[in-house]
Amino acid sequence: MSATHTPGPWTVTHSFDANFRREIWTEIDRETGHRELVALIPDAEGEHINGDANLIAAAPELLVALRWALDQIEDDLDFDHQAALEAAKAAISKATGGAL
C-alpha cells in the first residue's frame, strides 16, 4: 500500500513564542483561504533545526524531481547510472511507503 502526502508546495514558518518551534504549512488555498499544518518541530533549538525544517518543506518538490530523474535514466545501461537509479528507487519507496 502506498502512502499519499499533502500536496506541496510547503513553507516553513518560525514561531516566536517560548517554544521556538518550526512549522511546515501548505500554501493558502485560494478557494477556501485555509492552509494545512504538515509538520511541527517543537522546541526548536540547535543549528540543525532550520535545515531539518527546510528539508521537510522541500519534500514534495524533491519527490517530483527524483521521479523525473528516475524517468530520465531508467533505460540507461551505464553501471553508475543504474546504481543511481536503484538509489532513487529506494529513496522514493521510503518516501511513499513502497510506491514508485
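The values are calculated or read from the model by the stated rules, or taken from the named source; none is laboratory data. Just so it is clear, the model here is predicted, and its values are computed rather than measured. All Cβ positions, even for glycine, are placed from backbone atoms using ideal geometry, and neighbour counts span all protein chains on display. Surface areas here come from the heavy atoms of the whole protein model, side chains and all, with no ligands, DNA or RNA. Shrake-Rupley method; radii C 1.70, N 1.55, O 1.52, S 1.80 Å.
The criterion of being hydrophobic (A, V, I, L, M, F, W, C) and within 12 Å of the chain's Cα centre (by Cα) does not hold for A88. Scoring V64 on the criteria (1) hydrophobic (A, V, I, L, M, F, W, C); (2) in a helix (DSSP H, G or I); (3) at pLDDT below 90; (4) open to solvent by 60 Å² or more (accessible area, probe 1.4 Å) leaves a single failure, condition (3). Taking the stated definitions as given, is H14 surrounded by 10 or more Cβ atoms within 10 Å (Cβ to Cβ), within 25 Å of A88 (Cα to Cα) and modelled with pLDDT under 90? Taking the combined requirement at face value, the residue does not satisfy it. Do we find that L77 is open to solvent by 60 Å² or more (accessible area, probe 1.4 Å), among the hydrophobic types (A, V, I, L, M, F, W, C) and without any contact (Cβ under 8 Å) to a residue 24 or more places away in the chain in this structure? Criteria met by L77. T96 fulfils the conditions (1) modelled with pLDDT under 90; (2) open to solvent by 40 Å² or more (accessible area, probe 1.4 Å) except for a single criterion, (2). Among the residues here, G33 does not qualify as surrounded by fewer than 11 Cβ atoms within 10 Å (Cβ to Cβ), outside any loop (DSSP other than H, G, I, E, B) and either polar (S, T, N, Q) or modelled with pLDDT of 85 or more (or both).
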